[in-house]
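Asks: This is the structure, below, for whatever I ask next.
The numbers here are math on the coordinates, done by the rules we state, and not lab data. As the structure is a computational prediction, the values presented were derived from the model and not from experiment.
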Amino acid sequence: MQLVKSILFVTRPGDRSEPAFINTMILAQEQKADVHILVTYPDDVETAETVSFQVFNALIEAATQERADELLALVPAGIPKPRVTIRTGKQYYEAILLVQSEGHDLVIKAAEPDVGFFEKVLGSEDMHLLRKCPCAVWLMRPEMTMPPKRLLACVAMDEREGADLTLNARIIETGLELLDRSSDAELHILHLWSAPGEHLMRSARTGLSEKQVQDWISAVRKKHKSWFTDLVQPFSGRARIITHFEKGIPEARIAELAESVKASSVVMGTVGRTGISGLFIGNTAESILHQLKGSVLALKPDKFRTPIRAEQDPGAETP
């Protein structure tokens with residue numbers, strides 16, 4: 001099964017994205033996909049008074065072209081060289097414009113180094129891509145290698161979103177297709193369930209007995225278990241699938257399990273919001289991403305609509 005046909009690799013001068021680019025080329029060969037390199041340079045850099053605008057522009061062009069040449073030099077002989085586009089501006093914005101105009105179905109980028117919490121939430125190029133890019137985004141850590149031996153696929157039943165079986169099935173299918181073909185490769189599939197309002201139901205004011213509360217929790221668990229079983233069943237017998245059905249909070253458990261099973265990457269979906277322009281990845285997903293130490297591949301639901309349009313000012317798009 002061909003997962004992707006066209007990959008956009010996003011980089012900038014000095015970002016140390018060579019490992020991610022090598023992984024991109026390996027994936028492209030496996031998938032018979034085209035690769036397009038986007039090299040960006042910010043347009044808000046202060047120039048010294050002694051340097052003219054023309055000279056500064058020439059320096060920028062030289063630096064971005066040098067970055068492109070460095071990556072192209074890593075392409076093995078006999079493999080077609082990726083196309084290169086050089087843009088000045090906000091990296092996530094220029095990447096999304098290319099996805100829209102060129103029809104790329106996957107963006108790969110080296111994950112940003114760990115920074116402070118507020119920088120991650122408010123100023124991260126990575127988070128902007130995850131929130132607003134209309135196609136799947138794979139943020140790769142330097143230690144990530146292709147093809148991966150272990151992946152953690154996270155699926156979620158969200159009744160408000162109609163329990164998006166299509167997206168969850170795609171998460172599992174993607175994980176299976178990306179896995180190394182060796183006999184010891186593992187796809188871990190995690191579904192975390194909870195009984196919302198459980199602590200409130202135990203309040204004396206509700207008048208509910210402990211048995212009534214436990215019966216309700218058991219009913220919630222049964223519903224989630226049935227959903228999870230039905231979701232995973234069609235994939236049984238393919239590779240080594242290890243399921244994790246647990247009661248817990250995603251923000252705490254996903255990063256913990258990813259580390260304990262030594263997953264090369266987490267594969268997860270984003271959460272749609274009906275009735276607004278664009279998609280926000282969701283508070284839960286963002287909290288998870290801040291805690292993950294490894295790579296993350298975020299898939300988008302079919303109903304996703306990016307808030308970014310080619311004709312608008314990048315500073316004016318929906319947050």
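Asks: Show which lysines lie in cross-link reach of Lys90 when reach means a straight Cα distance below 26 angstrom and same-chain residues fewer than eight apart are skipped.
Replies: Lys5, Lys81, Lys109, Lys120, Lys132, Lys293, Lys300, Lys303
Asks: Long-range amide H contacts for Phe9: which residues qualify at under 5 Å (H placed 1.01 Å from N, peptide plane, sequence gap of 5 or more or a different chain)?
Replies: HN-HN under 5 Å from Phe9: His36, Ile37, Leu38, Ile108.
Asks: HN-Hα J couplings of the range 165-178 from phi, Karplus 6.51/-1.76/1.60, θ = phi - 60°, integer Hz, Gly and Pro as x?
Replies: Values per residue, Gly and Pro as x: 5, 4, 5, 5, 5, 5, 4, 5, 4, 4, x, 5, 5, 7 Hz.
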